[in-house]
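First comes the structure, then the notes that go with it.
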Amino acid sequence: MGLFVLACKKDNPVKEEIESWLGFIKPANFPEPEYKFAINPVTKSGFELGRALFYEPRLSRNNTITCGSCHIQSSAFTQHGHDVSHGIDDRLGTRNSPPIMNLAWNKAFMWGGGVYDLDLQPIVPITTHEEMDENLENVMTKLRALPKYTGLFKSAFGSEEITTAKFMKALSQFMLMCVSSNSKYDQVMRKEAGVVFTADEQEGYHIFKQKCASCHSEPLFTDGSFRNNGLGISPVNDQGLYTATLKETDKYKFKVPSLRNLQFTAPYMHDGRFLTLPGVLEHYNSEVQETANLDPLLRQGTKPGIALTENDKVKLTVFLTTLNDNSFISNTLLSEQ
């Protein structure tokens, strides 16, 4: 992923840092990104502006909620401990905050779709009543009143003019740099020196490829599609992708999440109904419901779901731990400055 390279002068007590910007770099084991970088190349000043905006409470109506409030770095940029998101005035949403990682490879955004351009995605949380409950005109007015931002926008875009388009592009530049690609799995795939799967991890990997990879395809561990995975219909009757498309065949389909960083992103599913990974695995083994548009891949056995033995569950869990990326959640360049 993109990095700053830091060098410190040992004879300087303040440790003067010399920064060298490498920008966005595609991990060697990843495919080509979907994002059109030609339209919005990631620059050091653009990234720094986007980072400031990501942690800026003035994006919310009462200046209390930031993007980072629901997308916490230590939780792989999701909201740990809540089944559904908590927004302004502690209002409850209806969905679990999805993690912000590897968005450069996404074609569609949010659990229920409806947004197909990363540069437009922040409009949704900023304007949603349960989230930030603000409008873009007010956000621009608040930012223009702060000399800090006129300076940051000038550095990033060559002009002090603060516009919605520049605002969105800067946020994208920050989110594009939230790349998680340094898990043990990645190191094994890149054949880095001395890094190999244990016997249990290898067995779990084999089971994963047999039973999970159709939807959670490598190396992103999602195919980016929307599917009905047999969850029981919730009390709020969230109909997923149907809400965006109004197609009957899209009812109860939700975006397939990445399986990366599961150690940090609990609870699981679009509404956070499962607190633990064993709960998720048992859902697929014995709890899949025959709801409308159930994915055909879950109808291949004698009953809906994916048959998993206790050994399968243990070994799968061991393999999934190889997808955790501690360097991602501890990268200070992605933290509030």
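The values are calculated or read from the model by the stated rules, or taken from the named source; none is laboratory data. Fair warning: this is a prediction, and the values are worked out from it, not measured in the lab. Note that we place each Cβ from the backbone using ideal geometry, even for glycine, and neighbour counts take in every protein chain shown. Calculation scope for accessible area: heavy atoms of the full protein, side chains included, ligands and nucleic acids excluded. Shrake-Rupley method; radii C 1.70, N 1.55, O 1.52, S 1.80 Å.
Quick notes on this one:
- Taken about its Cα centre, segment 80-136 carries a charge dipole of roughly 300 debye when the Cβ of each Lys and Arg holds +1 and the Cβ of each Asp and Glu holds -1.
- Candidate residues Glu131, Glu290: accessible-area rank, largest first, probe 1.4 Å: Glu290, Glu131
- Rolling a 1.4 angstrom probe over the protein heavy atoms with all chains in place gives segment 123-188 an accessible area of 40 Å² per residue.
- For Ile72, the residues 5 or more places off, or on other chains, whose built amide H falls under 5 Å of its own are Phe77, Thr78, Gln79, His80.
- Positive-pole candidate from Asn237, Tyr116, Phe24, dipole of the chain, charges at beta carbon: Phe24
- Nearest-0.05 FRET efficiency for Asn311 and Thr128, computed from C-beta distance (R0 56 Å): 0.80
- Theoretical ellipticity at 222 nm over the chain - DSSP helices of four or more residues, -39500 (n - 2.57) apiece, nearest 500: -8000 deg cm²/dmol
- Size of segment 290-337 as Cα extents on the principal axes (Å, biggest first): 53, 30, 11
- If R0 is taken as 45 Å, the Cβ-Cβ distance between Thr150 and His82 corresponds to a FRET efficiency of 0.80.
- Overall dimensions of the chain, expressed as equivalent-ellipsoid semi-axes from the Cα gyration tensor (√(5λ), whole Å, largest first), are 35, 26, 16.
- Per atom type, segment 176-266 shows carbon and sulfur on 53% of its accessible surface, probed at 1.4 Å.
- Given charges at beta-carbon only (K, R positive; D, E negative), |dipole| of segment 126-278 in Debye: 320
- Within segment 121-248, the proportion of Cα pairs with more than 19 Å between them is 71 percent.
- Straight Cα distances below 25 angstrom link Lys251 to the lysines Lys107, Lys211, Lys303, with same-chain residues fewer than 8 positions distant left out.
- Probe 1.4 Å, accessible area per residue of segment 208-337, Å²: 47
- Remark on segment 30-98: ratio of C-alpha radius of gyration to 2.2 N^0.38 Å is 1.34.
- Extension gain, Asp89 back to Ile39 (0.36 nm per residue minus Cα-Cα distance, nm): 14.3 nm
- Dipole magnitude of segment 173-235, debye to nearest 20 (Cβ charges: Lys/Arg +1, Asp/Glu -1, about Cα centre): 140
- Whole-number D in µm²/s for segment 59-211 (Stokes-Einstein; Kirkwood sum over Cα pairs; 4 °C, 1.567 mPa s): 72
- Fraction of beta bridges assigned by DSSP in the chain that are antiparallel (%, nearest 5): 85
- Farthest positive-ward along the chain dipole, Cα basis, beta-carbon charges - from Phe157, Gly272, Pro98: Phe157
- Fully extending the segment from Tyr116 to Thr64 would add 15.9 nm, taking 0.36 nm per residue of separation and subtracting the current Cα-Cα distance.
- Exposure of Thr222 as accessible area (Å², to 10), given a probe of 1.4 Å and all protein chains: 30
- Using the Karplus relation 6.51 cos²θ - 1.76 cosθ + 1.60 with θ = phi - 60°, the per-residue 3J(HN,Hα) values for segment 110-115 come to 6, 4, x, x, x, 10 Hz, with x marking Gly and Pro.
- Carbon and sulfur %, accessible surface of segment 22-73 computed with the full protein complex present, 1.4 Å: 58
- Our note on the geometry: Cα centres of segment 260-278 and segment 163-207, 18 Å apart.
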